[in-house]
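This report refers to the structure that appears directly beneath it.
The values are calculated or read from the model by the stated rules, or taken from the named source; none is laboratory data. Computed from a predicted structure; not experimentally measured. Heads up, the Cβs are rebuilt from the backbone with ideal geometry, glycines too, and the neighbour counts pull from every protein chain shown.
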Amino acid sequence: MGTNLRDLLAMAGTESVSAILMGGAAGTFLRADELDMQLTLEASRAADTTLGSGVVMVFAEGADLRDVVLRIAGFFRDESCGQCVPCRVGTVRQEEALHRIVKGATIGGTSRELALLDEVGVAMRDASICGLGQTAYAAVESAIKRLRLFEVVA
């Protein structure tokens, strides 16, 4: 705690950074230009991220972050207990929309799929019974909004 993220990565021998996933699958992505964050609860809150379970997953330049996000969505789909509708249905819809975007087979275009993902994600966060459903959209949302992973180029 308190170590600078850049210093932590240097201690690990990390050289090429494309993105960092903080806090595990239920966490959020950081960009390579956000490495000067101190690893404290206050600094992570100010940076709109989380320390979560303490996971700091580093992705090198050239890593297939779309595949990573698909795997995270698949994880949440598989782990949903199915007790509440927002999570049971939302995790499936989230993964389906991501697959359509990645395959270029969107329904109504990428912008519409991203809007759908946001709507489903907010519903899961606000209405799911447990933390799994409440955080199932976190990494996906940060990949979309912070990393601009699926950005529509005009």
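General observations
- Residue count for segment 98-127 under the criterion of being touching a Ser or Thr at 6+ places or on another chain (Cβ under 8 Å), free of Cβ contacts under 8 Å to residues at least 40 places away in the same chain and not acidic (Asp, Glu): the result is 4.
- Scan of segment 26-71 for residues that are out of contact with any strand residue (DSSP E or B) (no Cβ under 8 Å at 6 or more places or on another chain) and among the hydroxyl-bearing types (Ser, Thr, Tyr), ordered by number: THR40, SER53
- For segment 89-109, the set of residues classified as more than 27 Å from MET57 (Cα to Cα) and crowded, with 16+ Cβ neighbours inside 10 Å consists of THR106 only.
- Among the residues making up segment 14-63, those that are part of a loop (DSSP other than H, G, I, E, B), modelled with pLDDT of 90 or more and loosely packed, with under 11 Cβ neighbours inside 10 Å are GLU61, GLY62.
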